[in-house]
Every structure is written in C-alpha cells, then in structure tokens.
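Before any comments, here is the structure.
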Amino acid sequence: MLKYIGKRLLHLLIILVAVSFITFLLMYISPGDPARKKLTSGGSIAVSEELLEKTRREMGLDRPFLVQYGSWLSGVVKGDLGNSYKDGLPVSAKLSKGLGYTLTLSLSSLVLALAVSLPLSILTAVKKNTPADYIFRFLSFIGNSLPNFLISVLLMYFLCVKARLLPVIAENSFKGLLLPTLALAIPLSGRFLRQFRAEILEQLGKSYVSGAAARGVRSYYILISNVLHNALPGILTVIGLSVGTLLGGSVVIETIFRWPGLGKLVMDSITARDYPVIQGFVLFAAVVYVLINLVTDLLHRKIDPRIARQEGRV
Amino acid sequence: MKKKAVALFLVSVLSLGIAACASGGGSGTSSSSDASEAKVLKLAESFAYPSLDAHKDYYGWYTSIYGLTETLFRVDDNLNIVPWLADGYTVSDDSKTWTITLQEKAAFSNGTPLTADMVVRNFERLSENNERFAYMGDFTFAAAEDHTLTITTPDVYPTLLSDLTAPETGIMDLDATEDFDNAPVCTGPFVVKSFEPEGTVDMVKNASYWDGEVNLDEVIFYYMQDDESKLNAMQSGEIDGYTSVTAAAKQIFSADPSRYTLTEIPATRLQFYSLNENRLDDNVRRAINLSVDCEAIAAYLGGTVSAAVGPFTAAAPYGKVTKPAPDAADARAAMEAAGYVLNSDGFYEKDGQVLTLNICYYKARSLDTIALLMQEQLQKAGIDAKLTPEEDPDGTYIATGDYDIALYCMIADKAGDPYYCIDALFRSNSRWAVGGFKDDECEALINRLQYETDPDERAALANQIVQIVIDDNAFGFVGLFNKTTVTAPGLTGIAEHCPFDFYGVNADTTFAG
C-alpha cells in the first residue's frame, strides 16, 4: 500500500511540474500585459511607455520566458509562491484566505447534496417507474439543467426580496452560507440523484440480488449490505470528481453571494493577469485533483480488494 | 462508531470553516441593532481594495469615496478646480514655483493640526510609493511656514493643481500610526470603524471634523461586484444607494420613483474610435463620421452612455466643440468625391474593389455592441465593414496600426484638465500616432497647452485642438459613460452630480431614511 502511495505521489510531482510549465507558457503567450493592467486600472487610464517599461523591468517581465519560469519554480521549491502583481500580498496568504471560504462552502453544499440525493436515489431506484420515481427524476432534471447564476438569482429574488426570509447581505455568518450552499447543492443533488440511481439500479439488476431474495434474505438487508456496498465504488468516484470541482471554487456563486473563495480570487487574477496568483492556484488545483483521485482509489481498494489483487497480478 | 466519527469530523470541519471565515474576515459586519438609532447609511461599491493607504496603487480613489482622505484641491461638479485642504495658491513669475497656503483650521481626526511639513512629507512618500507619481520626485517641496508650502518644478508645469486633486495625493497623518493599510488617520469627515480588506468598510463620523458638523453618524460600504446582487439588495432595502446602475436595473428603478431616485450625468469615461489616415483618405473618413449616428448608439445602449461630441463633457469649459450631425447625403457626396461608386450589392467600390473596413475592438465597456452597431450603420450607408475582435488592444491593433477603425475606451478627464487626454491621443508621438494623424497647427497648440497656466486660456486651447481633430476626422467620439446613481428617498450628497468616480460621501451627505 505504501509503495502504491509513494508511486502516486511521485506522479504528482511530475504532474505539478508539467501543469505549472504549461500554464506559465500559456500565460506568457496569451495577450495582455500585467504591467499595463496594474498601472492603468484595467486599461482605463493612459500611462507613458517609459513608465510601462520601468514597471515591466521591476516586475521581471522583461526577462526571457525560461528565466521567469525558473525563477518562479526555484521560489516554489523554497516554499515561496511569490507575491501578487496586483497588490503585492503573498500568494500563499491570498490562497489560504480563499481556501477557508471555499472549503466551507464546498463541504456544506456537498453534505446537503448527499443528504438529499442519497436517500432519494435509493427510493427512486427501488420504486423504479412509479410516480415518486418520475417526480424526483423530473426535479433532478430541472435542478441539473438550470445554470448556477439563474438558480442564484432566483433564490435571492424569492427568499430575500419577496419572502424576506434571508438577507442579500449576510457575510461571514451561517446565514451568509445558506444561499450559496443551496445554489451549489441544487444542481449537485440533481446530478448525484441521477448518477447514484443508475449505479444502484445496475446492482439491483444483478443475479446475486434475485438469488438472495429467492433464498429469503430480507430486501432491506440486501439493499444495505449488498447493493449499496457494491454500488459504493461508482458513487465514490462521482463524489470524488465533484469534490475536486467544488474545491476549485465557483466564480458565479462566489461573486453573486459575495463569498470570497478561490473561484472569485482566480477569476479576478486572470482578469488582472496576476501570474503569481494564477500559478499558485494551478498548483493547488493540481494537488487537490491528484490527492482526491488517490483517496478515491485507495477507498476503492479498501472496499473491493479484488482491485488491488488484479493490479498486483498485472 | 466509524459513522459517528465521520459525522463528527464533517461537523467540526464545517464549524471551523465558518469560524475561520468569520474571524478571517475581520469585523466587517456592523451592529445594526446598536446603530438603529443613529443615522446609518449603507452603500454598495463595485470595487474594494486590500488597503486604505491612499498613496499606494489606486487605493486613494476609495479612501476618498469613503470620506476618509481629502486632497489640497478638488474638482467640483462643474469641473472647476477649487481649494479643499488648501486655502489658496500663487504662482511665481517664471511659473515654476507654486506657493500653497493651507486652511488654518484643517486638522486630522485625532486633533493634530495639518501642517505644511506634513503635506510635504506626504508628497515625498507618494512619489516613493506609487510608480504613477514617481515624477513628483523631481519636484522640490518645502514647508515655508506652518501653513505654507512651496512646490518647485523643473519646468513649467501648469497641470500641478489638477495633479493635486488626484485622490492618491490624499493627506494622512504619517506620525499617528504605521498601520496605513488598515487604520490611517486622515482629515476627512469619516474615520475607520472597521476595515475588511477587499470587503466591507465601516466608517463613522469624525466628531472633530475641521470643516463643520458631519450629518451622518455611520456609513457602511458593502463590496458587491454583481449587478443582480446590488439590484436585489436595493429592492430589499438593505442598501440605500449605489452607482453604475445597469440599463436593466434602471428600468426597474425608474418604474417606482416613490422608492428610488435616479441621477444620471455624463461622466469621464470615453468610448471613441481612431480612423487610420494611412489607409483612409479625407473623404472616406468624413463619410464614416457622417454615417455613424452616436445618438442612435447611445439610445440602443439604454441610456448607459451619452452621445459625445468631443472627448470631454459639454459641461466642461474645455468641452465646447461641435461636429456635424449624421447626414446620409453628405456621406454619399464624400464617398463619390473619393472616387467610389455604389455597386449592384449596394456597397461602395473603386476600380472593381469593394471598400471593406476593418473595425478592431475588444469586448469591454460595450465596445463590442458599438462595433456591431457601427458596422450596421456603415453598411446601411453602403460602406462594407468587417469586425475583428481582440483580447488585448494595446498589444495588437494599437501597437501595430493594423486597422481601419480602432475602438477604445479610456478615462478622458482624470481631474478637471484636458491636457492628459490630448497628450495621450493627439500628439504626433503618442501611441495613437499609428493612426497617422499629424497636424502642425495642432501640435503647436498642444505645445502651448503644455505650458499655459491660465485656466481660461487652457480651455480655449483645448477646444481649438479638439476641433482640429474633429474637423480632420482623425477620430470619432462616440459616447461618454453616464454615471448613474440610484438612491433611496431622502439621500443626497454622495457625489451623484459629480462626473468623477473618486468622490463619495462627505460632511454634507444627508439621509433621512
């Protein structure tokens, strides 16, 4: 097991270098001048070319690509992600602040989505092609197909403006977390419900289920101990992929609900061509994705020992 | 047991996260119950910065909006430069030494009187901390007396007063604190109660404000980027006003005048295009400008912009210029004078070659919509045009000059003086010289404007320069973004009549809500 983890972590290092190099290259060749963005308040104010050149030199943007990348990489190796072009603050501090908010929002929406979708997916699978199945599948279809911004605006309009149940401005509080959590959890629940249902239905169609039923095993026991257990790897994969996406932050929801998470931070940084922050975020996202995949794979091996045995043979 | 442990872990992480968010965010939320008896104003702002240090970056724009910092001079609603912390000024005969007297009663919120020495140190600090003001390092500042300072410039520098209205020149007490990022001590009518970097800012009345009683007890600025959020917060009564109202929100607010007051004025952000003189002859450029209907474009944009004649608002003394109204017959005559004839498709061609203009633009500040509308208007006049969108105009068509029509948007009037825009756009060595505009008389007038110190003469020179540019059809001035402010009943004095973005609340701001 430890050898397996070590191998995967070694892969992580290679992925990090490759991803950071490609991102750095893409930013380097993409249009937009960080110095101009910084000096001109996003292009609104004209400044002299002399001042632009001086600022580019100070920011190190006049150096060749490989020198810039090498300098950034050597900083990273020493644990220094650099400072933001925009405000001079350390990238690590900016990312950690955003991460706190994103982690809270991701976990709350994931917990809510699971609390809603897991029981409903079992219900709709067991009660396949009944009115309950049709109704919840229809609702999941609606939830899944509505864009995030529309859900957010509708929630805000009906719950804040019309019903006055929640404030539009409710920062740094449990109340402030409710609306963005709902806005993220609604489409997530819709997606989970459909995918979990499909996994459970697949297991319900297997011969071991009818065999157990024929032997008189209670259907509740079959469902919990066999069907759900066997559907778990597929369900974990779906959850793992969603966690990765959630931790990347949601620009739209974070902007609408004034939730200062990573999504909004990185979007603002892309607009400002704030390379150090973008690079820092890319590193973070790559680590998160790789680690979540690793955790998901480890859980798969734990749940289904056949996977480890098969890999061992190969 | 395991399930309980997982559940406990999740609850703990969530609680910690919420606690971290609450503590990490500072004390941005206001105690509305405590403030219920006080006159508290709540406003939304589209931008927020990580620091309150007026000298750094563009942060001074917001310390000025918050009513925290003040400058020696300011621009009034009619675009005149008037003294603020200063009481008056004189200029030496050689126009290089400015003597500025300060208001005797001006003082910081901690009671420390404002002195010339403190102002000098502020300017020196600004020149060291802000790249855009590094040029001030070439000036010689001296505190002649307690309330009198002199500024000596190496050359004649007529725009000094305009520069001193820039919010980055806001004065801070450099001895009161070292935490300029979070709690600077300044002279404005409000002081910081709590500051959340890039978040909510809570300001309270400066009880010892030097320039009289401050009407409001507290002002809270919420950072709200999203237009829908601002609209909803205004509708739910959680905020009392904001600027940059969108066309859609304007419709909603204007339908209920008993609850909302809309104020709309042409501001300083200019949408314009350059016509490439290296490719288009005089008559074609004339035909283009006669075919582009700026009023129709402004109407299409839902009142978010006002049709422009020149780069400056007509209210300014340097905005008195004229341009011909759109005229299809004149445009046709100009094209025919250039040797073009209409082909069977209804487009102008010469020697069998259809004239197809290349309109370059970038997708910001409605320039994409303007490009489409211009294409439609030109095609209607028989001038074919194609659209070329670019991500970075400065690195592409403005750098190379590879365009027929180049759209752009910038702040044309930084602070009550026309020179900045004229120098940036119309000089023969400016970045826009790639468009080929060069006029000896215009250049001579710009040189005179550079050194002219009399405000009336400056305005006259600016008007002559812009008129030459208009008559030459070197540029087309499409629109000036409107500053649209919505306020709750009883709220006045949040700079809603001022075209500049960097003024906000002041001692006279009143709110009866």
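The values are calculated or read from the model by the stated rules, or taken from the named source; none is laboratory data. Since the model is a prediction, treat every value here as computed from it, not as a measurement. Cβ coordinates were reconstructed from backbone atoms using ideal geometry, including for glycine residues, and neighbour counts include every protein chain displayed. All accessible areas refer to the heavy atoms of the entire protein, side chains included, with ligands and DNA or RNA removed. Shrake-Rupley method; radii C 1.70, N 1.55, O 1.52, S 1.80 Å.
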Inset, instruction - Could you give the size of the charge dipole of the protein assembly as shown about its Cα centre, using +1 on the Cβ of each K and R and -1 on the Cβ of each D and E, expressed in debye and rounded to the nearest 20? - result: 6920 debye
Legend entry - Over 27 Å (Cα to Cα) - which of A:Lys94/A:Lys302; A:Lys97/B:Lys414; B:Lys363/B:Lys386; A:Lys3/A:Lys97; A:Lys37/B:Lys193 fall in this group: A:Lys94/A:Lys302; A:Lys97/B:Lys414; A:Lys3/A:Lys97; A:Lys37/B:Lys193
Legend entry - Accessible-area value, B:His147, 1.4 Å probe, nucleic acids and ligands omitted, Å²: 40 Å²
Legend entry - Alpha-carbon centroid distance for the pair the stretch B:367-400 / the stretch B:193-245, whole angstrom: 39 Å
Inset, instruction - Could you tally the net charge around B:Asp456, taking each other residue with its Cβ under 14 Å from the Cβ of B:Asp456, Lys/Arg +1 and Asp/Glu -1? - result: -1
Inset, instruction - Filter the cross-link list A:Lys128/A:Lys206; A:Lys162/B:Lys205; A:Lys162/B:Lys230; A:Lys54/A:Lys86 down to pairs whose alpha-carbon distance in this structure exceeds 24 Å. - result: A:Lys162/B:Lys205
Inset, instruction - Could you tell me how many degrees, from 0 to 90 and to the nearest 10, lie between the Cα long axis of helix B:367-380 and the main elongation axis, the longest principal axis, of the Cα atoms of chain B? - result: 20 degrees
Inset, instruction - Enumerate the amide H contacts of B:Lys483 below 5 Å, restricted to partners 5 or more residues apart or on another chain; note that Pro and chain-start residues carry no placed amide H. - result: B:Ile265, B:Ala267
Inset, instruction - Taking each pair of different alpha-carbon atoms in the stretch A:91-313 once, compute 1/r for the pair, average those values, and report the inverse of that mean as the Kirkwood hydrodynamic radius in Å to one decimal. - result: 19.5 Å
Inset, instruction - Report relative contact order for chain B in percent, whole number only (criteria: Cα-Cα under 8 Å, sequence separation at least 6). - result: 20 percent
Inset, instruction - Compute the relative contact order of chain A as a whole-number percentage, counting only Cα pairs closer than 8 Å that sit 6 or more residues apart in sequence. - result: 26 percent
Legend entry - Principal axis box of the protein assembly as shown, alpha-carbon based, largest edge first, Å: 108, 79, 61
Inset, instruction - Starting from the residue with the highest accessible area, list A:Arg309, A:Arg273, A:Arg194 in decreasing order, probe 1.4 Å. - result: A:Arg309, A:Arg194, A:Arg273
Inset, instruction - Mind pulling the angle between the C-alpha long axis of helix B:282-291 and the longest principal axis of chain B? Nearest 10 degrees, somewhere in 0 to 90. - result: 60 degrees
Inset, instruction - Rounded to whole Hz and in sequence order, give me ³J(HN,Hα) for the stretch A:138-149 from the Karplus expression 6.51 cos²θ - 1.76 cosθ + 1.60, θ = phi - 60°, writing x for Gly and Pro. - result: 5, 5, 5, 5, 4, x, 6, 8, 6, x, 3, 5
Inset, instruction - Pop out the ³J(HN,Hα) list for the stretch B:123-138 in order, Karplus 6.51 cos²θ - 1.76 cosθ + 1.60 with θ = phi - 60°, rounded to Hz; leave Gly and Pro as x. - result: 5, 5, 5, 4, 5, 8, 9, 10, 4, 6, 10, 4, 4, 5, x, 7
Inset, instruction - Before rounding to the nearest 500, sum -39500 (n - 2.57) across all DSSP H runs of length at least 4 in chain A and divide by the residue total; then give [θ] at 222 nm in deg cm²/dmol. - result: -24500 deg cm²/dmol
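Under the classification rounded if a/c is under 1.5, otherwise prolate if a/b is larger than b/c and oblate if not, where does the stretch B:121-164 fall, given a ≥ b ≥ c as square roots of the Cα gyration tensor eigenvalues?
Because a/c hits 1.5 or more and a/b fails to exceed b/c, the stretch B:121-164 counts as oblate.
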Inset, instruction - Would you please classify the overall shape of the stretch B:401-446 from the alpha carbon gyration tensor, given that a ≥ b ≥ c denote the square roots of the eigenvalues, rounded means a/c under 1.5, and beyond that prolate means a/b larger than b/c while oblate covers the rest? - result: oblate
Legend entry - Other-chain or far-sequence residues with amide H under 5 Å of B:Phe437's (modelled H): B:Glu277
Legend entry - Rounded to whole Hz, the Karplus (6.51, -1.76, 1.60) HN-Hα couplings of the stretch A:19-24, x for glycine and proline: 5, 5, 5, 5, 4, 4
Inset, instruction - Please express the shape of chain B as an equivalent ellipsoid: the semi-axes are the square roots of 5 times the eigenvalues of the C-alpha gyration tensor, given largest first in whole angstrom. - result: 44, 32, 21
Inset, instruction - Would you grab the residues whose amide H sits under 5 Å from the one on B:Thr200? Only those 5+ places off in sequence or on another chain, please, with H modelled 1.01 Å from N. - result: B:Tyr223
Inset, instruction - Round to the nearest 10 and report in Å² the accessible area of A:Lys86, as given by a 1.4 Å probe over the protein chains' heavy atoms. - result: 80 Å²
Legend entry - Alpha-carbon centroids, the stretch B:88-108 and the stretch B:287-347: separation in whole Å: 45 Å
Inset, instruction - Mind checking B:42-49 for the average number of partner chain beta-carbons within 10 Å of each residue's beta-carbon? - result: 1
Inset, instruction - Can you send over the carbon and sulfur percentage of the accessible area for the protein assembly as shown, probe radius 1.4 Å, protein chains only? - result: 57 percent
Inset, instruction - Counting only DSSP beta bridges with both residues in the protein assembly as shown, tell me the antiparallel percent, nearest 5. - result: 80 percent
Inset, instruction - Have a look at B:Leu149, B:Asn473, A:Phe257 and report the one farthest towards the positive end of the charge dipole of the protein assembly as shown, computed about the Cα centre with Cβ charges (Lys/Arg +1, Asp/Glu -1). - result: A:Phe257
